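> Sharing a structure here in structure tokens format.
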Amino acid sequence: MTQIYDKVALIGLGLIAGSMGLAMKRAGLASQIVGHARSSETRNTALKLGLVDAVCDTAAEAVADADLVVLCVPVGVMGDVAAEIAPALKAGTVVSDVGSVKAKVIDMVGEHIPEGVHFIPAHPIAGTENSGPNAGFTELFDGKWTILTPVGDADTGEVAKLRTYWERLGAKVDVMEPERHDLVLSVTSHVPHLIAYTMVGVADDLERVTDKEVIEFSTGGFRDFTRIAASDPTMWRDVFLNNKEATLDVLGRFTEELFDLQRAIRRGDGEQLFEHFTRTRAIRRGIIEAGHDTAADDFGRAGKKDS
Ligand code: NAP
């Protein structure tokens, strides 16, 4: 088990950082893992659970002498945290992040990265609807994609090293342009979350009319919506505020398709409905064949989801 970095600092100690700490320990990737979260309660929990070897009261203390710093905080505070740690970073350090949005994070963090420090953004496409240090688990990244979005003249040696680091955490790694990442993720994750939030909101309104029947007779599909809609409000608010263009673009296309289907239902156009459902069924088969899900009726997730 060869180490990749000597000291790793995780800023934010929730689901993603906690899982990274545990997976790093499993693979022996660092000689020391330190962490920082804003509340002492989270810091103490992370230490007690062994997610990290030590915790610091400030982010600047945590990153001192670190070879790899990973920002694992909500997207909306990435810039503030980067500004806070910048003076404490040593030359040669790699700063990365796990934010669900890339272009905006690159703008917000990039401007604070000092000369001689490498900034290589990343996004593990793995998560659950749970948050906080207690939600972390070792296998979260196993077999899941992590996307690296290096910018400008990123050091190829350091990008390769970070790729190996994520592979040893259990992930498959791909490299993408940040804007491409944001568009792809708006289709596969961000807009689907918004639809789930919307549908559960509609059901909640109807619940008053249907007198508990919505909950009593909820089917697998609706239960899946409620699980997704239970995701962390801070994280998802920040995703939509910071991936505005791509989300609005995909939402526009979505509403056009929805109106098309609405019209087909009103006109009794069974052929259009049948054709549409046949096309979408093929996408589901493709996902199963690619090994990203199973045909099991619990959607193969057993309470876990990708984000
Ligand atoms: P989480 O479980 O809610 O944890 C967030 C952590 O950030 C907490 O430890 C919190 O500390 C800390 N924090 C918040 N504001 C801070 C600040 N200003 N300074 C220092 N620490 C601060 O969140 P998560 O699910 O791990 O998500 C972290 C990042 O990963 C987000 O950018 C998200 O977009 C991305 N991501 C999430 C998923 C997912 O499915 N959850 C998947 C992929 C990527 P306290 O506990 O003390 O408040």
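The values are calculated or read from the model by the stated rules, or taken from the named source; none is laboratory data. Just so we're clear, the structure is a prediction, and the values are computed from it rather than from any experiment. Neighbour counts run over all protein chains shown; Cβ positions are idealised from the backbone, glycine included. Quick note on the areas: whole protein, heavy atoms, side chains included, nothing else; ligands and nucleic acids left out. Shrake-Rupley method; radii C 1.70, N 1.55, O 1.52, S 1.80 Å.
> It is to be established whether one or more residues within the stretch 258-276 are surrounded by 10 or more Cβ atoms within 10 Å (Cβ to Cβ), out of contact with any Leu (no Cβ under 7 Å at 6 or more places or on another chain), polar (S, T, N, Q) and at pLDDT below 90.
no
> Would you mind listing the helices (runs of 4 or more DSSP H) fully within the stretch 148-220 where at least 3 residues are closer than 27 Å to residue 235 by Cα? Before you say what the answer is, go through the steps one by one.
Values: elements: 156-168, 178-185, 191-210, 213-216.
Those helices (runs of 4 or more DSSP H) span 156-168, 178-185, 191-210.
> With respect to residue 107, determine if the residue is open to solvent by 40 Å² or more (accessible area, probe 1.4 Å) and within 16 Å of the ligand (Cβ to nearest atom).
Here the answer is yes, as residue 107 does meet what is asked.
> From the list 237, 223, 253, pick out the single residue that is open to solvent by 70 Å² or more (accessible area, probe 1.4 Å), under 15 Å from the mean Cα position of the chain (by Cα) and of a type outside the set (A, V, I, L, M, F, W, C).
Working: 223 fails: under 15 Å from the mean Cα position of the chain (by Cα); 253 fails: under 15 Å from the mean Cα position of the chain (by Cα).
When all the criteria are applied, what remains is 237.
> So is residue 238 of a type outside the set (A, V, I, L, M, F, W, C), under 26 Å from residue 14 (Cβ atoms) and either free of Cβ contacts under 8 Å to residues at least 12 places away in the same chain or touching a Pro at 6+ places or on another chain (Cβ under 6 Å) (or both) or not?
yes
> Another question, if that's okay. I'd like to check something: does the stretch 243-253 contain any residue that is part of a helix (DSSP H, G or I), more than 28 Å from residue 275 (Cα to Cα) and either away from the ligand (no atom under 14 Å from the Cβ) or assigned by TED's automatic domain parsing to the domain that holds residue 103 (or both)?
Yes, the conditions are met somewhere in the stretch 243-253.
> Here is a further query. Every residue in the stretch 87-104 that is among the basic types (Lys, Arg) and within 15 Å of the ligand (Cβ to nearest atom), please.
If the condition is that a residue be among the basic types (Lys, Arg) and within 15 Å of the ligand (Cβ to nearest atom), then 102, 104 are the ones that fit.
> Can you tell me which residue among 167, 177, 158 is out of contact with any strand residue (DSSP E or B) (no Cβ under 9 Å at 6 or more places or on another chain) and of a type in the set (D, E, K, R)?
177
> Right, next: Kindly indicate whether residue 232 is in contact (Cβ under 8 Å) with a residue 40 or more places away in the chain, surrounded by 13 or more Cβ atoms within 10 Å (Cβ to Cβ) and of a type outside the set (Ser, Thr, Tyr).
Judged against the criteria, residue 232 is a match.
> Identify the residue in the stretch 32-60 that is among the hydrophobic types (A, V, I, L, M, F, W, C) and touching a residue at least 60 places away in the same chain (Cβ under 8 Å) and, among all such residues, is farthest from the ligand (Cβ to nearest atom).
49
> From the list 12, 28, exactly one residue is in contact with a helix residue (DSSP H, G or I) (Cβ under 9 Å, 6 or more places away or on another chain), on the phi > 0 side of the Ramachandran plot and more than 16 Å from the ligand (Cβ to nearest atom). Which is it?
After applying the criteria, what remains is 28.
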